[in-house]
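Here the structure comes first, spelled out in structure tokens, and everything after it is commentary.
The values are calculated or read from the model by the stated rules, or taken from the named source; none is laboratory data. Here the structure is a predicted model, which means the values were calculated and not measured. Every residue, glycine as well, gets a Cβ built from its backbone with ideal geometry; the counts of neighbours run over all protein chains shown.
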Amino acid sequence: MNPTRPSKFQAVSPAMKRLNATLLILVGAGIFIFGLNVLFLALTALVTQLVFEILFAYYRDKKIDEGWVYNALILVLLLPPSLPLWIGAVGTAFAAVFGKLVFGGYPKYVFNPALVGIIFLTISFPSFMSTQWLDPVTGLIGTGTPIGSWGRGLDVLVTYPLMNLFTGMAPGLIGEVSRGLILVLGLLLVVTKTIDWKAPFFFLASFVGLGYLGNYLALDKFYDPFTAVLVGNVIFASVFLVSDKPTLPTKAFARILYGFFLAVFTLLIRIYAAWPEGVIFALVIMNAISPLLDSLVSGKSVTDVTLAEVK
């Protein structure tokens, strides 16, 4: 009898299976809200990711790691719903190679690969990334989004009712719009100990608290913090980006600091920079200084921290 050939895929942990399941639920919600282009974007991203995973695994004589589906779906959920498929493929390829595989794959990367891909697309294809917003209520594709209205100081809830922002019936990224669903899925991930609650909770709490403080002090461009949470991808980021284990500090107090400073940078970029959505850029900054926070809390050198195994 011939021996069974070993699988080319690394075993997928229960935690990663739960993460993938929640992301697929959000993709399904995106398909329901925005249409079949979301499905085609997801399939394009998964195929593109798998191709590069196979190439790197072959030439490095290693198995395809467990994070390939997770990384591809995260990127899809950060895309505009009407984006052309070829741009989704380019963004996925860039994220896979330069955000993940050159560092050795999951969980060895320094920056969340999806963030690397999204920033590349935002800089390289700004006209596509800022104009492909499908309004599920009107069916029209345009440039208007809740975060854009918020950035201009407009009353978002006049154009986009509160219930629409929670249920996803408003323009936005594929994964950010179903905010009510994201909160439910996030709670399930915390209860099942799939993600750690500290960084996401302190990010949201600090974001709201600092927003209220700025609003109370009547600081320039500080608007209602409740509305600020409901526009853009703050809620999505808090559950699926802030909790990304490879980019988080390992120490508990360092994760609390991570969440707090992420909120600070997010508000500064949102309010005072030219870009109305600050979470993506703030996360890249925090990914970079994550080892420094561990170093400060543990008293170890940054070199020792970066060489430690992700736990």
Inset, instruction - Looking for whichever is crowded, with 19+ Cβ neighbours inside 10 Å, small (Gly, Ala, Ser) and under 24 Å from Ala89 (Cβ atoms) here; the options are Gly175, Gly151. Which one fits? - result: Gly175
Inset, instruction - Of the conditions (1) charged (D, E, K, R); (2) surrounded by fewer than 23 Cβ atoms within 10 Å (Cβ to Cβ); (3) more than 19 Å from Leu241 (Cβ to Cβ), Arg18 clears all except one; give me its number. - result: (3)
Inset, instruction - Taking only segment 98-111 into account, find how many residues are farther than 17 Å from Val76 by Cβ and part of a helix (DSSP H, G or I). - result: 4
Legend entry - Test for Gly28: is it of a type outside the set (A, V, I, L, M, F, W, C), in a helix (DSSP H, G or I) and buried (at least 22 other Cβ atoms within 10 Å of the Cβ): no
Inset, instruction - Keeping to segment 208-228, report how many residues are at pLDDT 90 or above and either within 23 Å of Val158 (Cβ to Cβ) or among the small types (Gly, Ala, Ser) (or both). - result: 2
Legend entry - Residue among Phe261, Phe281 that is under 30 Å from Gly153 (Cα atoms), surrounded by fewer than 23 Cβ atoms within 10 Å (Cβ to Cβ) and at pLDDT 95 or above: Phe261
Inset, instruction - Collect the residues in segment 185-219 that are among the aromatic types (Phe, Trp, Tyr) and within 16 Å of Leu267 (Cβ to Cβ), keeping them in residue-number order. - result: Phe202, Phe203, Phe207, Tyr212, Tyr216
Legend entry - Residue count, segment 290-311 (criterion: surrounded by 18 or more Cβ atoms within 10 Å (Cβ to Cβ) and modelled with pLDDT of 75 or more): 6
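Based on what the data block shows, is Leu165 in contact with a helix residue (DSSP H, G or I) (Cβ under 8 Å, 6 or more places away or on another chain) and of a type outside the set (Ser, Thr, Tyr)?
Yes.
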Inset, instruction - Write out, first by first residue and then by second, each pair whose Cβ atoms fall under 7 Å of each other, whose residues are 6+ apart or on separate chains, and whose first residue, in segment 81-92, is closer than 17 Å to Ile119 by Cα and of a type in the set (S, T, N, Q) while the second is at pLDDT 95 or above and crowded, with 17+ Cβ neighbours inside 10 Å. - result: Thr92/Ala45; Thr92/Thr48; Thr92/Gln49; Thr92/Ala72; Thr92/Leu75; Thr92/Gly117
Inset, instruction - Out of the residues in segment 8-62 that are in contact with a strand residue (DSSP E or B) (Cβ under 8 Å, 6 or more places away or on another chain) and charged (D, E, K, R), state the one that is farthest from Ala72 (Cα to Cα). - result: Lys8
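If you scan segment 169-193, which residues turn out to be within 16 Å of the chain's Cα centre (by Cα) and polar (S, T, N, Q)?
Across segment 169-193, the qualifying residue is only Ser178.
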Legend entry - Single condition Val158 does not satisfy, out of (1) farther than 20 Å from Gly278 by Cβ; (2) in contact (Cβ under 8 Å) with a residue 24 or more places away in the chain: (2)
Legend entry - Qualifying residues in segment 112-157 (those that are part of a loop (DSSP other than H, G, I, E, B) and among the small types (Gly, Ala, Ser)) - the one nearest to the chain's Cα centre (by Cα): Ser130
Legend entry - Number of the condition not met by Pro80 [criteria: (1) within 18 Å of Ala237 (Cα to Cα); (2) assigned to a helix (DSSP H, G or I)]: (2)
Legend entry - Pairs, first closer than 21 Å to Gly175 by Cβ in segment 39-65, second in a loop (DSSP other than H, G, I, E, B), C-beta under 8 Å, six or more apart: Leu41/Leu79; Leu41/Pro81; Leu41/Leu83; Leu41/Ile174
Inset, instruction - Select from segment 158-168 the residues that are outside any helix (DSSP H, G or I) and more than 20 Å from the chain's Cα centre (by Cα) and write down the one among them that is nearest to Gln132 (Cα to Cα). - result: Tyr160
Legend entry - Criterion: among the small types (Gly, Ala, Ser), modelled with pLDDT of 95 or more and either buried (at least 16 other Cβ atoms within 10 Å of the Cβ) or in a helix (DSSP H, G or I) (or both) - qualifying residue of Ala57, Ala89: Ala89
Legend entry - Members of segment 92-139 found to be of a type in the set (Ser, Thr, Tyr) and either buried (at least 17 other Cβ atoms within 10 Å of the Cβ) or at pLDDT 90 or above (or both), listed by number: Thr92, Tyr106, Tyr109, Thr122, Ser124
